[in-house]
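Worksheet: one structure, shown below.
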Amino acid sequence: MTFVELIKTIAFGIPIGITIIDVVGYVARVDGISMQPALNPESGKDHDYVFLKKRKDFSRGDVVALYSPRDKDQKLIKRVIALEGDTVKSLTYKQPVVTIPVGHCWVEGDNASNSMDSNLFGPIAVACLTATATAIVWPPSRWQFVRSFVPEHRLPENFRLKAGE
């Protein structure tokens, strides 16, 4: 390959790569223990790497990437527990019961005792959410889809009422 061909390949390849990342998604490393046992199940072992699919709509139970409301340079990975209009019992937030306002959601780590989430921040603007974790892609021993669910004990109050609780 000549130098000119190499430059043409790079000039053509970079915009395609950027477009794929912006439109489809990307792989990210998961740090910390806030999403245990779903992600990074063994402390001190290999980190999970997840494929983050770019999305604008989110559902209860999705594991999402979001910008921290306290530090816009920090990204978090949490589970969506409630959407606008839902009512949740907080674990440690200043209000024991919170109705999620329009344009917001409630996110929590699966490992509640070690998570910076809505129990600290309160409802999060949906605009802070950037992508949904769809699969663990590394290490190979952990290859699997990321399950979307809300733990039974964290269901929004309006769902508990519908179920007759």
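A short reminder: the numbers here are calculations on the coordinates, not readings from a lab. Bear in mind the structure is a predicted one, so any value in this text is a computation, not a measurement. Cβ: placed from backbone, ideal geometry, glycine included. Neighbour counts: every protein chain shown.
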*Given Lys45/Lys78; Lys72/Lys94; Lys45/Lys75; Lys56/Lys78; Lys54/Lys94, the pairs whose alpha carbons are separated by over 27 Å*: Lys54/Lys94
*Subtract the Cα-Cα distance of Asn114 and Lys94 from 0.36 nm times their separation in residues, and report this length gain in nm to one decimal.*
5.4 nm
*Taking the Cα centre of region 49-165 as origin, sum charge times position over the Cβ atoms of Lys and Arg (+1) and Asp and Glu (-1), and report the length of that vector in debye to the nearest 20.*
280 debye
_Extended-chain gain in nm, criterion 0.36 nm per residue less alpha-carbon gap, Arg70 and Ala127_ = 19.1 nm
*Ranked highest first by the average count of other Cβ atoms within 10 Å around their residues, in what order do 94-106, 113-125 fall?*
113-125, 94-106
*Cα-derived Rg to Rh of region 3-162, Kirkwood definition*: 1.06
